[in-house]
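Let me begin by presenting the structure, written as structure tokens, before commenting on it.
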Amino acid sequence: MKETESNVQWDGTKVTVIIDGALTAKTVAPLRATLESVLSKNPTEIIFDFATVRKIDSTAIEILIATKKSVPGKGLKISLKGVSEYIRDTFEVLNLNEILKD
């Protein structure tokens, strides 16, 4: 399976992480490395652009949740955009709607 690619676009302290590919246990390592780098720069907001994400599994969901929890009390806002109906339904079934809020 092709590795997932992620590109980062900064706008002041807000960052958009554009993800391309499937987010699965086999492909998520580059995203993890990207997020470690992004978090080290203390952003106030991370927007995950899921417009070209075709598949997501529990490993990727765990990374999103861990990212949200990694800076408690520091006001880090996390949101997703471009989420397909399939992935949105997956988050809703898992009762993770708060991650999808803008």
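The values are calculated or read from the model by the stated rules, or taken from the named source; none is laboratory data. As the structure is a prediction and not an experimental result, all values here were calculated from the model. For neighbour counting, all protein chains shown are included, and Cβ atoms are generated from backbone atoms with ideal geometry for every residue, glycine included.
Going through the stretch 33-54 one residue at a time, which ones are under 20 Å from Val83 (Cβ atoms) and at pLDDT below 90?
Correct list: Arg54 only.
Taking the stretch 1-17, which residues are touching a Gly at 6+ places or on another chain (Cβ under 9 Å), surrounded by fewer than 16 Cβ atoms within 10 Å (Cβ to Cβ) and part of a loop (DSSP other than H, G, I, E, B)?
Matches in the stretch 1-17: Met1, Lys2, Glu3.
Got a number for residues in the stretch 40-59 being within 17 Å of Thr16 (Cα to Cα) and touching a strand residue (DSSP E or B) at 6+ places or on another chain (Cβ under 6 Å)?
Going through the stretch 40-59, the residues within 17 Å of Thr16 (Cα to Cα) turn out to be 40-53.
If we keep only those that are touching a strand residue (DSSP E or B) at 6+ places or on another chain (Cβ under 6 Å) too, we end up with 43, 45-50, 52-53.
So the answer is 9.
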